[in-house]
1. Report the residue count in the range 4-24 for those that are assigned to a helix (DSSP H, G or I) and either surrounded by fewer than 10 Cβ atoms within 10 Å (Cβ to Cβ) or in contact with a strand residue (DSSP E or B) (Cβ under 6 Å, 6 or more places away or on another chain) (or both).
2. For the range 38-69, name all the residues that are loosely packed, with under 14 Cβ neighbours inside 10 Å, hydroxyl-bearing (Ser, Thr, Tyr) and over 17 Å from ALA123 (Cα atoms).
3. If I ask for residues that are of a type in the set (D, E, K, R) and at pLDDT 85 or above, which ones from the range 103-137 would you list?
4. Go through (1) modelled with pLDDT of 85 or more; (2) farther than 24 Å from THR115 by Cα one by one and return the number of the condition VAL12 breaks.
5. I'd like to know if the range 25-32 contains one or more residues that are on the phi > 0 side of the Ramachandran plot and part of a loop (DSSP other than H, G, I, E, B).
6. Please go through the range 118-134 and pick out each residue that is surrounded by 14 or more Cβ atoms within 10 Å (Cβ to Cβ) and either in a helix (DSSP H, G or I) or of a type in the set (S, T, N, Q) (or both).
7. Could you list, in sequence order, all residues of the range 46-87 that are assigned to a loop (DSSP other than H, G, I, E, B) and aromatic (Phe, Trp, Tyr)?
8. Any chance the range 91-99 includes a residue that's more than 15 Å from the chain's Cα centre (by Cα), of a type in the set (Ser, Thr, Tyr) and surrounded by fewer than 14 Cβ atoms within 10 Å (Cβ to Cβ)?
Amino acid sequence: MGVTSKFLRAIVRNEAMRTDPDEIYGWRVFTLVFSACFGGMLFGWDTGSIGGILTMPAFQEKFHYAHSSPKAKSNMNQNIVSTLQAGCFAACFFTSWVTDRYGRRFALIAAGLLTIVGIVFQAASAAEGTLAVIALLVPFEVA
């Protein structure tokens, strides 16, 4: 019996755990769970940070919508944040097909490259204050 399974069985008083195989309490399972949790945390961080960044006066000045009406600002913020959500939702369907067709490794590499391209375009958009690039490429940041 592994150290992890002994420890968990000592803490958690669950009858089902007594019949569980020790392998399900190994380091690989916990690594997978931690990486999934980290991915969820990053998605929440992205969603939370874009919402905060959009309300910053310096950002609004740089991207030329600081003097818009409150309704126009609200619509712009909603469009950018919802584009992030829509891109992530669409990527779920596309990446499953890519993974099935080309394999998980290629899909992860492609997602990483797409993320890098999105980040470079977003960083470059700040030079001219081009809001269209931000609105278009926000979904690729989380891919």
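The values are calculated or read from the model by the stated rules, or taken from the named source; none is laboratory data. Please read these numbers as outputs of a predicted model, since none were measured by experiment. Here the Cβ positions follow ideal geometry from the backbone for every residue, glycine too, while neighbour counts run over all protein chains shown.
1. Number satisfying all stated conditions: 6.
2. Correct list: THR55, SER68, SER69.
3. The answer is ARG104, ARG105.
4. Failing condition for VAL12: (1).
5. The answer is no; no qualifying residue exists.
6. GLY118, PHE121, GLN122, SER125, THR130, LEU131, VAL133, ILE134
7. Keep residues of the range 46-87 that are assigned to a loop (DSSP other than H, G, I, E, B), which gives 55-56, 63-69.
Scanning the range 46-87 gives PHE63, TYR65.
8. Looking through the range 91-99, at least one residue is more than 15 Å from the chain's Cα centre (by Cα), of a type in the set (Ser, Thr, Tyr) and surrounded by fewer than 14 Cβ atoms within 10 Å (Cβ to Cβ).
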